[in-house]
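Participant: Quick one: this structure, given as structure tokens, is what I'll be asking you about.
We did not get these values from a lab; they are worked out from the coordinates using the rules stated. Owing to the predicted nature of the structure, the values given are computational and were not obtained by experimental measurement. Methodologically, a virtual Cβ is constructed for each residue, glycine included, from the backbone with ideal geometry; neighbour enumeration extends over all protein chains shown.
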Ligand code: FA5
């Protein structure tokens, strides 16, 4: 057997052949050496010591034959190390995952608003006209309900815009209604999430974007409270040198209504809308408008993120281009 093994190792032409010879003779389960070892038990007690020594000598000569062949074939020794492996070469760093800049912004906004006592609330992205329009004081014939301005779902049985239809929410103001339907005042929430509008994409518009909705309802809430909360928010998010400006505007669910602009780094930029919650909205959710007052605001999350990081095109955020995204 010893001669047979040596011949087999010497004749192995490549590392594959070597491996099969190794398994044949030195294999841990079915190798020829293992077989011989198993027969040791049947040997006479007196002869066992000599047989053991003979077996060990046999084992090491087969092992030597294997190692010599391995060295000859250049496939490394029995430890299987590739001789072309150079441990001094720099390694390849595994790529790490990355949190999307909008997700980072959302976490940052929640943290700032959380410090002012606003807790996060959520609502569904597929909505019904009651939450997206009716309860927000947007009547049946209002242009905001136009099928051309909304993504109505073709799965719903009812005609677009009518009761029973469904749409992708066009604003996070829907969450105001959902929270007030479930909870009695006082309310102090923000809601951060996706909204959808069939806007043509350009540098500042995308058909899917995010809004941060805020709602504060209590006794004696005033417009001054709204301005203070937004100013504290803006200075925390952008810097101490931010100024805030309200421009008169109109939203069906707030009265009075304003557009909110922040001045920072030399420019006034509009970030969203706000106002005092309209009494009709309180009535729709079963609150008594004579008992409570409140403010609400809705800011564009992409606009905030872009302003802070100097991003000039909203489409870059959704391009999936890692050369852009991994900078944040
Ligand atoms: C609203 O959506 C109101 N719901 C805001 C509001 C909430 C008013 C509560 C009063 C009380 P508006 O349609 O203006 O308002 O949108 C708010 C902000 O969303 C805009 O100022 C802008 O920052 C952002 N926005 C609107 N359309 C897009 C778009 N296509 N892509 C990216 N951001 C957009």
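Participant: Return a whole-number percent for the relative contact order of the range 65-177, with Cα pairs under 8 Å and 6 or more residues apart as the contact set.
Facilitator: 21
Participant: Calculated from DSSP H runs of 4 or more alone, at -39500 (n - 2.57) each and per residue, what is the 222 nm mean residue ellipticity of the chain, nearest 500?
Facilitator: That comes out to -11500 deg cm²/dmol.
Participant: Still on this structure, I have one more. With only alpha-carbon atoms counted, please give the Rg and Dmax of the range 28-148, in Å.
Facilitator: In order Rg, Dmax, the Cα atoms of the range 28-148 give 38.1, 109 Å.
Participant: Using 0.36 nm times the number of residues separating residue 309 and residue 228, minus their current alpha carbon distance, what extension gain do you get?
Facilitator: Result: 26.8 nm gained on full extension.
Participant: Beyond 24 Å, what percent of the Cα pairs of the range 197-301 remain?
Facilitator: Looking at the range 197-301, the distances longer than 24 Å represent 30 percent of pairs.
Participant: What's the extension gain from residue 270 to residue 319 if we count 0.36 nm per residue and subtract their Cα-Cα distance?
Facilitator: Taking 0.36 nm per residue and subtracting the Cα distance, the gain is 15.2 nm.
Participant: Same structure again: Could you tell me the calculated FRET efficiency between residue 111 and residue 250, based on Cβ-Cβ distance and R0 = 22 angstrom, to the nearest 0.05?
Facilitator: Calculated transfer efficiency: 0.10.
Participant: Let me ask another. Based on alpha-carbon atoms only, what is the radius of gyration of the range 1-62 relative to the globular estimate 2.2 N^0.38 Å?
Facilitator: The range 1-62 yields a ratio of 1.23.
Participant: Round to the nearest 0.05 the FRET efficiency obtained for residue 57 and residue 14 when R0 = 25 Å and r is the Cβ-Cβ distance.
Facilitator: 0.30
Participant: Relative to the compact-globule scaling 2.2 N^0.38 Å, provide the ratio for the alpha-carbon radius of gyration of the range 136-212.
Facilitator: Its radius of gyration relative to the 2.2 N^0.38 Å reference: 1.23.
Participant: What is the distance, in nm, between label points placed 7 Å from the Cα along the Cα-to-Cβ direction at residue 47 and at residue 208?
Facilitator: With each label point 7 Å from Cα toward Cβ, the separation is 8.1 nm.
Participant: Kirkwood Rh over Cα pairs of the range 78-206 into Stokes-Einstein at 25 °C, 0.890 mPa s: D in µm²/s?
Facilitator: It comes out at roughly 132 µm²/s.
Participant: Residue separation times 0.36 nm, minus the C-alpha to C-alpha distance between residue 261 and residue 64: what's the value?
Facilitator: Taking 0.36 nm per residue and subtracting the Cα distance, the gain is 62.7 nm.
Participant: Return P(r) of the range 124-263 (all Cα-Cα pairs; 10 Å bins starting at 0; whole %; ordered from short to long distances).
Facilitator: 10, 35, 37, 16, 3, 0
Participant: Give me the compactness ratio for the range 257-324, meaning the Cα radius of gyration over 2.2 N^0.38 Å.
Facilitator: 1.60
Participant: Using a Förster distance of 30 angstrom, determine the FRET efficiency expected from the C-beta separation of residue 219 and residue 100, and round it to 0.05.
Facilitator: For R0 = 30 Å, the calculated efficiency reads 0.15.
Participant: Hey, what's the Kirkwood Rh for the chain if you take every pair of different alpha carbons, in angstrom?
Facilitator: Every distinct Cα pair counted, the radius reaches 25.8 Å.
Participant: Just from the alpha-carbon atoms, what are the Rg and Dmax of the range 64-127 in angstroms?
Facilitator: 28.5, 77
Participant: Can you tell me the relative contact order of the chain? Whole percent, Cα pairs under 8 Å, sequence separation 6 or more.
Facilitator: 14
Participant: Same structure, new question: What whole number of Å gives the distance from the Cα centroid of the range 36-50 to the Cα centroid of the range 287-321?
Facilitator: Result: 85 Å between the Cα centres.
Participant: For labels at residue 290 and residue 144 in the simple 7 Å Cα→Cβ model, what's the distance in nm?
Facilitator: Placing both labels 7 Å along Cα→Cβ, they lie 2.7 nm apart.
Participant: While we're looking at this one, here's another question. Using the alpha-carbon atoms, what tilt in degrees (0 to 90, nearest 10) does helix 15-26 show relative to the longest principal axis of the chain?
Facilitator: 60
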